[in-house]
1. Using a 10 Å cut-off on Cβ to Cβ distances, tally the other chain neighbours for every residue of B:19-27 and report the average as a whole number.
2. Counting other Cβ atoms within 10 Å, which chymotrypsin sites (Phe, Trp or Tyr not before Pro) in segment B:23-121 have at most 15 and lie in a DSSP loop?
3. Sort out for me the Cα centre separation of segment A:113-191 from segment A:237-287, rounded to whole Å.
4. Would you please give the residues with an amide H less than 5 Å from that of B:MET56, counting only those at least 5 places away or on a separate chain, with H modeled from the backbone geometry?
5. Testing the spin-label approximation: label points 7 Å from Cα along Cα→Cβ at A:ASP254 and A:GLU140. State their distance in nm.
6. How many partner chain Cβ atoms sit within 10 Å of a residue's Cβ in peptide A:331-342, on average, as a whole number?
7. Taking the Cα-to-Cβ direction at A:TYR6 and at A:LEU326 and moving 7 Å from each Cα, how far apart do the two end points lie in nm?
8. For chain B, what does the relative contact order come out to in percent, with C-alpha contacts under 8 Å and a separation of six or more?
Amino acid sequence: MTTYQYLIDYYRELPFLIKLIGALITLSVILIIGLTIYLKGIRRYQRKKHADILKFKSEYEVMLVEFLYADDHIENEVEKNSFNEWLEQIEVEPAIQDELDDTIKDLSPIQQSIISKLRKEALVKSKRKIIISILYKLMEEVSGEMSDSIKVLYIETGLIDYALKKINNTEWSIKAKSIGELSRFEVKEGHYEVVKCMDHSNKEVRKEAHLYMVNLFQFDGLYFLNELKTPLSEWDQIQILEILQRFDDQQICDIRPWLKSTNDTVVLFGLKLAQIYNQYEINDTLIELLSHKSKSIRVCVIEVLTHLYGLEAKDMLKANFNELSLEEQLSFFTMLEKLVIPSDEPFIEKHLFHKDFEIQLLALKILKSINEDKYKVLNNLPADQKSKAMLQLENTI
Amino acid sequence: MNKCKIVLAEDNSTLSLLLKFRLEREGHELLMAKDGKMAIELIENHSPDLILTDIMMPFISGLEVISHVRNKLETQVPIIVFSSAGQEEMVLKAFSLGANDFMGKPFSPNELVIRVNRLLA
């Protein structure tokens, strides 16, 4: 007791600063102990959560494999309540409905029992996430009948309903994810909702919506371009083209409406399609685009016309050469390099001393390709009478 | 067909399980590896009749597995590689290292079984 009293008296007599430091140290120690306990608790929780995820994952994986390899098919009528409920909520094309109906009729009792188990498990959000991630990853790895079965499982377990509901979520990340999910599981029935997101304010949502349309409806899915108001980024365009090239049927639809779009990015995308799919029949529309208000489009049109051997456009551009911008002039000379004929020689000679070095160089190369003797004569000119390009190409015959 | 030992190196556990189930039904014995390192251990310890390997795997890639089998272990055990879209260059490398066949993902497990049986025949 006396010791405690002594310590209290000793503390009271201490200077204020020492008292303050002591209080701070005590507080820090308490905080550190508290935080340590808290962090340990979090770590334990995370470990348990991770272990649970692994446990559920392995359980669901086994169920999925059982479902995919359940051979015991039955011909009898099966319980289709879940499917009918789903059908009531959304409009389904008759052909798709028949196809799914047939698949469901083929389900064996084992498969039905797995569906019913997974349906119950999917009611819990965390478990639902695990199931979706397993199905999602497997869809990337397998094809054919197996991917059709995964799709049936996705629909029958009611996971489709959650995805369709999530499209209307106000948070963009959830919306984008749900569209990506519908795209992965090839759920065409969601397209009425997805179409509404084509001009969404968030670019990720827009991108997922565009990819959904192309993934599921191939070239027909591109009709969203007719109405697109928002910009179609270069990356989106590359992704769409990459998907289109995967399809067996490479029969492209009429791209003219997109070339006439008020959205410049749609026009540029249409030009890419014209070049990749060799759209020779749209030359007239392309020539009209040579007077487009956007310079980048005009330059791009010249490039496409070069690829499509647009001789008519070549003559037009040659006649209006001086009115073209420098980029267009350069693009035109690239066109000439491919489509040059001997009668173009005077025009080329006229531009051997063009103010732009690249045009000089191209003109010289083209001249060399059509009249090597004249090129030799130019090569022998005194250095002070030569253009920069001539000096560069000196003695390269 | 005799029971053959197959090493399957694949980091997607669901796909591994699916293929294990399918190939075991065909009468083969499957040894599963979730990464390249484990695959090499299994190959060295069990001398399999066939190897199925993904290209992109943690620690050691499928290409390194092929190289190890062909150059270090110097065995001619058939190897089938799995590759995803956009890995064409990797597939060419796999062939130059000594792979016998490849399957692009997504693939059909039934088709894989046919290829496996053909290589084991």
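Each reported figure results from applying straightforward, stated rules to the coordinates on display, with no laboratory input. Worth saying up front: this structure is predicted, and the values here are computed from it rather than measured. Glycine gets a Cβ as well: all are built from the backbone with ideal geometry, and neighbour counts include every protein chain shown.
1. Whole-number average of other-chain Cβ neighbours for B:19-27 is 2.
2. Answer in residue order: B:PHE59.
3. 32
4. For B:MET56, the qualifying residues are B:GLY62.
5. It works out to 4.0 nm between the two label points.
6. Values: counts 0, 0, 0, 0, 0, 0, 0, 0, 0, 0, 0, 0.
So the per-residue partner count for this stretch is 0.
7. Modelled inter-label distance: 9.2 nm.
8. Across chain B, relative contact order equals 23 percent.
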